[in-house]
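Single-structure report; data block below.
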Amino acid sequence: MKAEEISKVSSLFNVGELFSFKELSGGYANQNFFLKTSSGDYVLRECVQQPKALLQYELDLMHILRENDFPTAYPISNGTDEFIICLERSTFMLYEYKTGSEPTISVKTAAEMGSAIGFLSTIQNFETLPPKRNTLDFFFIDQLIRQFEESKNPIDDVFDFVLVYANKLRSVAKQNLPKGLIHGDAFPNNTVFGVNDDLIAIIDFEEACVDNLILDVGMTINGFCFVDNRLDEQLLEAFLSAYTSYRKIDEGEQKTLFSFIQVAAFTMLCWHLRFDLVNTPNNTQELRVRELMNRIYELEKCNWINQKIAFINK
């Protein structure tokens with residue numbers, strides 16, 4: 001985006017004079033900009049992936065989080081209760097800026113995330129949210145598989161892997177287990193930590209929805225409990241100990257947590273194919289996909305996980 005476009009958008013949010021801005025590095029969707037203005041610092045998000053209806057869902061969910069004082073960066077209105085600004089062909093939202101940094105992986109940060117995701121798992125009143133299909137649902141993976149034959153970027157060994165593990169994991173993911181609010185993408189780049197490795201905020205609730213709570217456990221383990229692409233026993237213990245201090249994992253969830261760690265890695269892998277590695281070569285995305293493939297293979301060797309879960313959950 002050009003400077004004049006950023007300036008025009010910031011003026012529509014009524015946050016004073018724009019002093020400076022810079023693009024923030026981040027994930028594979030959306031563009032984010034740090035804004036310094038006369039009224040404070042903010043993050044401007046150009047919403048590339050989500051339609052307006054899903055952005056409104058995110059706002060409704062944020063209202064629930066605010067009522068519970070959940071640590072996140074909340075959206076900013078334009079002063080008249082409008083949070084979503086459409087300008088020409090683009091859609092924008094503005095958020096609080098949280099001072100801190102992306103964390104290193106450690107026992108402390110794993111425990112901090114266990115507490116935060118555990119707290120999130122206990123938040124109620126999500127029944128007021130409209131239905132929303134998880135973007136990682138196997139419904140979308142089945143759509144992806146149907147694209148393989150006409151792929152413009154055929155990666156045959158990856159496609160074969162997806163076919164095999166879709167059959168292995170589909171029935172696990174579709175189990176009816178305890179449900180609640182899940183973030184769905186709690187990775188280091190979606191968190192802000194302070195200098196003492198204290199969690200300041202979990203950000204980017206774009207993929208959040210109501211789904212099996214154990215999926216969020218498996219996803220966050222993928223984000224904070226792996227070292228050199230292998231599950232680390234100390235990090236897992238720190239995360240689960242903190243999580244279960246908020247919510248015990250029931251018997252059905254205990255039996256499936258190992259599989260949900262795989263499900264989370266597998267659905268992330270498929271997300272990269274959907275956006276849009278299946279048709280467009282991208283070395284960074286393909287490296288990430290292959291890293292996740294190796295992770296899933298290596299998890300097959302971790303026969304100690306179920307015993308660890310049962311011990312911590314007592």
Query raised in the report: ALA3 to ASN283: FRET efficiency via 1/(1 + (r/R0)^6), r the Cβ-Cβ distance, R0 45 Å, to the nearest 0.05?
Result: 0.90
**Report entry** Entries in LYS8/LYS132; LYS22/LYS152; LYS8/LYS98 that, when Cα-Cα distance is taken, lie over 27 Å
**Finding:** LYS8/LYS132; LYS22/LYS152
Query raised in the report: Which value, in debye to the nearest 20, gives the size of the charge dipole of segment 196-314 about its Cα centre, when Lys and Arg are +1 and Asp and Glu are -1 at the Cβ?
Result: 380
Query raised in the report: Could you give me the ³J(HN,Hα) list for segment 227-235, computed from phi with Karplus coefficients 6.51, -1.76, 1.60 and θ = phi - 60°, whole Hz, x at Gly and Pro?
Result: 10, 6, 6, 10, 5, 9, 5, 5, 5
Report summary line: Correct response: the longest run of the chain lacking exposed chymotrypsin sites (Phe, Trp or Tyr not before Pro), defined by DSSP loop and at most 15 other Cβ within 10 Å, is 29-245
Query - Accessible area expressed per residue, segment 216-314, with surrounding protein chains retained (probe 1.4 Å, Å²) - result: 42
Query raised in the report: Suppose R0 equals 22 Å; then what is the FRET efficiency for ARG274 and GLU149 from their Cβ-Cβ distance, rounded to the nearest 0.05?
Result: 0.90
Report summary line: For the chain, the percent of accessible surface on carbon and sulfur atoms (probe 1.4 angstrom, ligands and nucleic acids excluded) is 48
Report summary line: For segment 147-163, in residue order, the Karplus 3J(HN,Hα) values (coefficients 6.51, -1.76, 1.60; θ = phi - 60°; whole Hz; Gly and Pro = x) are 8, 4, 5, 10, 4, 8, 9, x, 10, 4, 5, 5, 4, 4, 4, 4, 4
Query raised in the report: Once Rg and Dmax of the Cα atoms in Å is worked out from the coordinates, which option in (i) 18.0, 55; (ii) 19.8, 58; (iii) 20.2, 62 does it equal?
Result: (ii)
**Report entry** Rounded to 10°, Cα long-axis angle of helix 3-12 versus longest principal axis of the chain
**Finding:** 90
Report task. Among THR109, SER10, GLN147, pick out the residue whose Cα is farthest towards the positive end of the charge dipole of segment 1-152, where Lys and Arg carry +1 and Asp and Glu carry -1 on C-beta, about the Cα centre. Result -> GLN147
**Report entry** Of the GluC sites (Glu not before Pro) in segment 88-182, those whose Cβ has at most 10 other Cβ within 10 Å and which sit in DSSP loop
**Finding:** GLU88
Report summary line: In debye to the nearest 20, the charge dipole size for the chain, taken about the Cα centre with +1 at each Lys and Arg Cβ and -1 at each Asp and Glu Cβ, equals 440
Report task. Take the Cβ-Cβ distance between PHE34 and ASN125 as r, set R0 to 41 Å, and report the resulting FRET efficiency rounded to the nearest 0.05. Result -> 0.80
Requested in this report: Arrange the peptides 247-257, 71-81 so that the one whose residues have, on average, the most other Cβ atoms within 10 Å appears first.
Outcome: 247-257, 71-81
Requested in this report: Pick out, in residue order, every one of the trypsin sites (Lys or Arg not before Pro) in segment 61-111 that is DSSP loop and has at most 13 other C-beta atoms within 10 Å; say none if there are none.
Outcome: ARG89
Query raised in the report: What's the local net charge at ARG66, with K and R +1, D and E -1, over the other residues with C-beta under 12 Å away?
Result: -4
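The values are calculated or read from the model by the stated rules, or taken from the named source; none is laboratory data. Small disclaimer: the values here were computed from a predicted structure and weren't measured. Quick reminder, even Gly has a Cβ in these numbers, built from the backbone with ideal geometry, and neighbours come from all protein chains shown. Surface accessibility is based on the protein's heavy atoms, side chains included, excluding ligands, DNA and RNA. Shrake-Rupley method; radii C 1.70, N 1.55, O 1.52, S 1.80 Å.
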